[in-house]
1. Mind checking which pairs have a first residue in the range 1-28 that is assigned to a loop (DSSP other than H, G, I, E, B) and a second that is basic (Lys, Arg), Cβ under 9 Å, 6 or more apart or different chains?
2. Hey, does the range 15-29 have a residue that's within 9 Å of the ligand (Cβ to nearest atom) and farther than 20 Å from GLY72 by Cβ?
3. In the range 36-43, is there at least one residue being surrounded by fewer than 19 Cβ atoms within 10 Å (Cβ to Cβ), within 16 Å of ALA98 (Cα to Cα), away from the ligand (no atom under 14 Å from the Cβ) and aromatic (Phe, Trp, Tyr)?
4. Restricting to the range 29-53, name every residue that is among the hydrophobic types (A, V, I, L, M, F, W, C), in a loop (DSSP other than H, G, I, E, B) and closer than 25 Å to PRO119 by Cβ.
5. Considering only residues that are surrounded by fewer than 16 Cβ atoms within 10 Å (Cβ to Cβ) and at pLDDT below 90, look in the range 123-133 and name the one that is farthest from ALA98 (Cα to Cα).
6. In the range 16-34, which residue that is at pLDDT below 95 and among the charged types (D, E, K, R) is farthest from PHE99 (Cα to Cα)?
7. Filter the range 66-101 down to the residues that are among the hydroxyl-bearing types (Ser, Thr, Tyr) and either at pLDDT below 90 or in a helix (DSSP H, G or I) (or both) and list them by number.
8. Which residues, counting only those in the range 54-65, are part of a loop (DSSP other than H, G, I, E, B), surrounded by 14 or more Cβ atoms within 10 Å (Cβ to Cβ) and in contact with a helix residue (DSSP H, G or I) (Cβ under 9 Å, 6 or more places away or on another chain)?
Amino acid sequence: MNILCHCEVCRKVSGADYSHACWFNVDDFKIISGEDNLSSYSTSDRFKRFSCSICHAKVFGRMHPNKFFNNGSIAVPPSLYDVEFSRDFREQKHEAHAFYPRRIVDFPNDTTIKYRDMPKKFNGSGVVIQNEELRSKL
Ligand SMILES: [Zn+2]
């Protein structure tokens, strides 16, 4: 699932207005080389971030297991990978916004799902914010 995340941690870690990540089942993810060069740190009790120990680029994040993904899920920032891999992700339009109430940029005409935090399958509440609710707060 292609998600734009507006949480404070993603903004601080990325240095951008929001982060873009493709989320999927960890069982569909495999590190084929360079695992010894990864360092990690937790930014919550449910999420661990992995970076390159050499260049310090953010490589991926891992959400702890839950009932939807028994081994956890992975968030991959598409812009850090090979052009062909990134292009495949970029050509897919984002499907949702996460932590939308914490945003610093607005997407008023974007009709994709806007979650209060995260979808349930990625350890969130799954609560969706309606566009009417957003307009009433402006
Ligand atoms: Zn985030």
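The values are calculated or read from the model by the stated rules, or taken from the named source; none is laboratory data. Every value quoted in this text rests on a predicted model; they were computed, and no experiment measured them. Cβ: placed from backbone, ideal geometry, glycine included. Neighbour counts: every protein chain shown.
1. From the range 1-28, the pairs are MET1/LYS121; HIS6/ARG102; HIS6/ARG103; CYS7/ARG102; ASP17/ARG11; ASP17/ARG103; TYR18/ARG11; TYR18/ARG103.
2. Filtering the range 15-29 for residues within 9 Å of the ligand (Cβ to nearest atom) gives 18-19, 21.
Those still in the list that are farther than 20 Å from GLY72 by Cβ too: 18.
Checked the range 15-29: at least one residue is within 9 Å of the ligand (Cβ to nearest atom) and farther than 20 Å from GLY72 by Cβ.
3. no
4. Within the range 29-53, the first condition is being among the hydrophobic types (A, V, I, L, M, F, W, C), and the residues that meet it are 29, 31-32, 38, 47, 50, 52.
Going one step further and asking which of them are in a loop (DSSP other than H, G, I, E, B), we end up with 29, 31-32.
Across the range 29-53, the qualifying residues are PHE29, ILE31.
5. Of all residues in the range 123-133, those surrounded by fewer than 16 Cβ atoms within 10 Å (Cβ to Cβ) come to 125-133.
The next check asks that each one be at pLDDT below 90; those that pass are 130-133.
Values: GLN130: 13, ASN131: 14, GLU132: 18, GLU133: 16 Å.
Applying the filter and picking the extreme gives GLU132.
6. LYS30
7. Within the range 66-101, SER79, TYR81, SER86, TYR100 meet the criteria.
8. Let us first name the residues in the range 54-65 that are part of a loop (DSSP other than H, G, I, E, B), namely 54-57, 64-65.
Still in the running and surrounded by 14 or more Cβ atoms within 10 Å (Cβ to Cβ): 64-65.
Scanning the range 54-65 gives a single hit, PRO65.
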